[in-house]
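See below for the structure under consideration.
Read-outs: derived from the displayed coordinates by stated rules, not from any lab. Nothing here was measured: the structure is a model prediction, and the numbers come from that model. Every residue, glycine among them, receives a Cβ derived from its backbone with ideal geometry; neighbour counts consider all protein chains shown.
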Amino acid sequence: MHNHSKLIKAEEIINILENHELLVGKVNLNYDFTFSKFETDSRRIEKGDIFVCIKGYNQDGHEFARQALENGADLIVTEVELEYHSAQFIVNNSRKAAALLAKLFFDDPSARFTLIGITGTNGKTTIANLLGDLLRKEEKKVGIIGTLGYKINDKDYPSQLTTPDVIELNSIFQQMLLEKVEYVIMEVSSHSLFLDRVYGLNFNQAVFTNLTRDHLDFHKNMEAYFAAKAQLFQLIDNYNGSAHINIDDSYGLKLYEDLNAEKFGISFESGDITISDISIADKNSSFSYAFDSKKYKFKTNFIAKHNVLNISLALSVFLKLFPDTDEAKLNSYLSNLSPVHGRLEAIQNELGISIYVDYAHTPDALENVLGSLVSLKKGRLITIFGAGGNRDKEKRPLMLKSALKHSDLTIITNDNPRTEPAESIINDIVAGTPSLEKFYIIRDREKAIKTALKLAGKNDIILIAGKGHEKYQQIGDRKIPFYDRKVVENFLAAAETIPPDQLFLPLDLLQVILLFGSLDMTLDNTYFEHISTDSRTIKPNSLFIALKGEKFDGHDYVQDILKTENCWAIVNSDYAFEEQKIIRVEDTLKALGDLAAKYANLFSALKIAITGSVGKTMTKEYLSNILSLTASTLKTHSNENNLIGLPKTIFKLRPEHKYAILELGSNQFGEIARLSDICNPDMAVITSIGASHLEFFQDEAGVFE
C-alpha cells in the first residue's frame, strides 16, 4: 500500500473501531501517534506503520507481529494481547478492523461514487459488464471489478481475485476516483463476504443472480454459502440501497422475503419484473420485460435463456438509476452490446460449426448453457469440460450428468487440476456413470479440443466449457499459458491430418484403465495411436490386446511388445509376469469388444449390421456400393465378421463416415448377441436362416435362436 498525504490519528482509529463494536482493549498506546498507512503483510511494514494481524487458512498474521515490530511498526492490531512491549489495539475481528482502517486511510472512497454489488454463483461477470456497458452508453465514467480483472472506463487491468483484498480494493477505488469514476460495479464473491473484504463499503445497489452448488470446499454446506452471499444485502440495507433479486431461485426468493430494503424481484413467472415472450435464435434473443405497468420489448445479440435473465437483472439496476430511459433508447443500447469475453463466446469459422467458449464450471451453469444450445442444434452437440482441482468434489459427477443429458458426445479433460492429480479428478467425474455412456476421456486439454474439432461436422455445435476467459492452466503451483480460444484458432488456421492406419481418436491410457477397472496406479500422459492383436505388426504408441487362440497365445509375446516405444498390453488376470505397463482383465477378448463398443459410440455414422446363414458378404458389398455413391461408407473388410474382426473395422471409423456396414458372423450361441452389443446397430439385416454351422447349432432352430 502506498503512503498517503492524509495522516490518521490514533483517536480516529479508536472511534471507528468503537462505533463498529470491534475494540476490546488498548495496550501501551500513545495517543499522539499519527499513521500514514497500514499493512497486513509484515514484509511490507515500514517505520511508523500499523500492522494488522489476520488469521488466515494457511498462516496466522499474529505469528509475524515480531517481524512487523522489527521492521518498524508503531501499532499492532491483534485479536489477542501479544507479549511485546508495543502499542496494541485488541479487537474481536481483525478482518473487519482492516476493512475499516482502509476506509479511514483511503478517505471512504465508496461514499464518493455509486457502488453496485453483484453476487450469486453464476452470471456475475456477464451482468457486471452488461451494466457497465449500459452506463457507458449514458456517457458515465464507470469502473468494474471482477473475475476478468478490473476496468476503468474502457481500459482493462489484471487482478488475481474476483474481489481483491481490502488494501488492493481500496487502492483500485482510489485509482478510479482519480479517473473521476461515477459508478463502480463489483462482483462480490462469497469468499470476500465471509472474509469481510467488503465490510463497511457503501453499497447503493445489489444484485442476487442465483445460488447453486459451488465453493462447498470452503463453505461446507449450502446454508453457509447462502449466509455468506446474504451479507451483501445487509450492507445495502445499512445504506438505504436497493436489491435486485432472481426470485425464481429458491435462495433468491428466501432472500427477497426476508429483506427489509427496497427490492425488485425478477422472474420468468411472476415478479415485480416479469420476463416473458422469450425467443432464442442462434445469434440473438428477444423477450418482453414488464415492470410497474410498463411492458418493454427487447432484442439483444445474446443467446440463451440464462442471458435473458442476466440482461433483465442489469436492466433492473439501470432503470432504477435512470428511470426515464425509454424503450427505443434501451433497444439502441442493447443492439450494440456484445457477449462478454469467455461467456458463450462464439468463435467464427468457415467449417459450418458453431463453436462456443464458456466459463461454466458448475453443474447448474453447464445445465443452463447446454439447455440453451440444445434448442439451437441441427447436428450433434459436443461438450468438452473438466473440473478444477482442490475444489468441491461432489459437484464433479453432477457436471457429467448435465453434460450427458444434453450432449451427443462429451469429452472429459483437464480444467485447472492445481495440486490434485488429474486422473483422480476425472475418476470422480465418471464415478457411478456406466462406462459405455457417450463420454470419452482425453486429459490433455489441447488434444481434447482439437479432437472435438476434428470430430465435428457441418451444423454441429461444440461447447468448450470451464475456463472461458482464462489464459492459463494451473497445474501444480504453476500457471502455464493456455487459452481455449487460441487452441481453436490455431487449429482452424492449420488443420491436422491423421494417417489412415492410425486411430482417429487418441486413446488416453486413463480411458482404458477406467473402462476395465478402478484407478489404482499413477499414470503418465500416455496416448495410444494403434490397437493391435497381432504382435508381428506392432508399432510405437500401441495398445496390445493379448488374445488366446487355438494355436497361439498373445501372452507369450507381451514382454517383447513392451520393449516397443510407448506400448502397453491388456492381459488376462492370470498372466504370470509382473510388468509395469500391463492392464489385467478377466477376459481379453471381452476387453477388445468393450473397447470397440466404447469407440463406436463416439461416432455419428449410421451403423447397419448384416447377418444370416448365407449372403452376408454379398449383401454387405452391394449395400456398400450403393451407399458409397451418396456418402463416405465404411464396411467390414473381407469376411472379418467375428469377435476379433468386428472391432478391427470399428477402430477404422472416422467422422466423415456417414454409414458403417458391419458384417456379423457366428458359429456359436450368444455370438450374434455379443457382436450386436459391441456395434449397437441402428439398423439390422438378416439375409437368411439356413443349415450352417450345425456342428454348433444342431439344427435350423438353433441357427434361428
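Going through region 465-506, which chymotrypsin sites (Phe, Trp or Tyr not before Pro) have at most 11 other Cβ atoms within 10 Å and a DSSP loop state? Walk me through the intermediate numbers first.
Details: sites: Y472, F482, Y483, F491, F504; in loops: F482, Y483, F504.
Those that pass, being in a loop and sparsely packed, number zero.
Taking a ≥ b ≥ c as the square roots of the eigenvalues of the Cα gyration tensor of region 509-587, is the shape rounded (a/c under 1.5), prolate (a/b larger than b/c) or oblate?
Working: a/c = 1.73, a/b = 1.22, b/c = 1.42.
It comes out oblate by the Cα gyration axes.
Need one number: % antiparallel among DSSP beta bridges in the chain, to the nearest 5.
Details: 37 of 110 bridges.
Looking only at bridges with both residues in the chain, the antiparallel portion is about 35 percent.
Do you know the relative contact order of region 603-704, to the nearest whole percent, from alpha carbon pairs under 8 angstrom that are 6+ apart?
On the way: 178 pairs, mean separation 41.3, N = 102.
The normalised contact order for region 603-704 reaches 40 percent.
Just want to confirm a number: the relative contact order over the chain, from Cα pairs under 8 angstrom separated by 6+ residues, in percent.
Working: 1429 pairs, mean separation 47.1, N = 705.
Reported as a whole number, the value is 7 percent.
So how strong a dipole does the chain carry about its Cα centre when Lys and Arg Cβ are +1 and Asp and Glu Cβ are -1, to the nearest 20 debye?
1780
Please identify the GluC sites (Glu not before Pro) of region 618-685 that satisfy two criteria: DSSP loop assignment and at most 13 other Cβ atoms within 10 Å. Which are they? Show your work: numbers first, answer last.
Details: sites: E621, E640, E656, E663, E671; in loops: E640, E656.
Here the GluC sites (Glu not before Pro) that fit, given the DSSP loop and packing criteria, are E656.
Could you give the radius of gyration (one decimal) and Dmax (whole number) of the Cα atoms in the chain, in Å?
My reading of the Cα-based Rg and Dmax gives 31.6, 110 Å.
I want to make sure I understand the PRE zone here: with the label point 7 angstrom from the Cα of D682 toward its beta carbon, which residues in region 369-397 have backbone N atoms less than 12 Å away?
Only 380 fall inside the zone, counting backbone N under 12 Å.
So for region 603-704, Kirkwood radius off the Cα pairs, Stokes-Einstein at 10 °C and 1.306 mPa s: how many µm² s⁻¹? Don't skip to the end; give the middle numbers.
Working: Rh = 13.8 Å.
The Stokes-Einstein estimate is 115 µm²/s.
If you take the square roots of the eigenvalues of the alpha-carbon gyration tensor of region 138-262 and sort them as a ≥ b ≥ c, do you get rounded (a/c under 1.5), prolate (a/b over b/c) or oblate?
On the way: a/c = 1.98, a/b = 1.46, b/c = 1.36.
Cα axes put region 138-262 in the prolate bin.
Taking 41 Å as R0, compute the FRET efficiency from the Cβ-Cβ separation of N301 and S424 and round it to 0.05.
Details: r = 41 Å, r/R0 = 0.99.
Computed FRET efficiency for N301 and S424 comes out at 0.50.
Could you work out the local net charge near K254, counting Lys and Arg as +1, Asp and Glu as -1, over the other residues with Cβ closer than 14 Å to its Cβ? Walk me through the intermediate numbers first.
Details: positive: K229, K263; negative: E223, D248, D249, E257, D258.
Value of the local net charge: -3.
Between rounded, prolate and oblate, where does region 300-369 land on the alpha carbon gyration tensor, with a ≥ b ≥ c its root eigenvalues, rounded for a/c under 1.5, else prolate if a/b exceeds b/c?
Working: a/c = 3.30, a/b = 1.64, b/c = 2.01.
Oblate.
If you stretched the chain out fully between D553 and S628, how much longer would it get, using 0.36 nm times the residue separation minus the C-alpha to C-alpha distance? Write out the running numbers ahead of the final one.
On the way: separation 75, 0.36 × 75 = 27.00 nm, distance 3.81 nm.
Taking D553 through S628 to full extension adds about 23.2 nm, to one decimal.
Nearest 10 degrees is fine. How inclined is helix 305-321 to the longest principal axis of the chain, computing both from alpha carbons?
Helix 305-321 sits roughly 10 degrees off the main axis of the chain.
Restricting things to alpha carbons, find the Rg to Rh ratio for region 69-108 using the Kirkwood radius for Rh.
Working: Rg = 11.3 Å, Rh = 11.1 Å.
That ratio is 1.01, to two decimals.
How high is the relative contact order of region 8-105, in percent, with contacts defined as C-alpha pairs under 8 Å that are six or more residues apart? Could the numbers behind the result be given before it?
Values: 184 pairs, mean separation 30.1, N = 98.
Once divided by the residue count of region 8-105, the mean separation gives 31 percent.
For the chain, what is the calculated [θ] at 222 nm in deg cm²/dmol (nearest 500), taking -39500 (n - 2.57) for each run of four or more DSSP H residues and dividing by its residue count? Walk me through the intermediate numbers first.
Values: 24 runs with 231 residues, N = 705.
Rounded to the nearest 500, the figure is -9500 deg cm²/dmol.
Which FRET efficiency, nearest 0.05, do N284 and N490 yield, Cβ-Cβ r, R0 22 Å? Walk me through the numbers before you get to the answer.
Working: r = 29 Å, r/R0 = 1.31.
E(calc), rounded to 0.05, equals 0.15.
Calculate, in nm to one decimal, what D501 and M521 gain on full extension: separation in residues at 0.36 nm each, minus their alpha carbon distance. Before the final figure, lay out the partial values.
Details: separation 20, 0.36 × 20 = 7.20 nm, distance 3.01 nm.
Value of the extension gain: 4.2 nm.
For a Förster distance of 45 Å, can you work out the FRET efficiency between the beta-carbons of Q175 and E269, rounded to the nearest 0.05?
Details: r = 42 Å, r/R0 = 0.94.
With R0 = 45 Å, the Cβ-Cβ based efficiency is 0.60.
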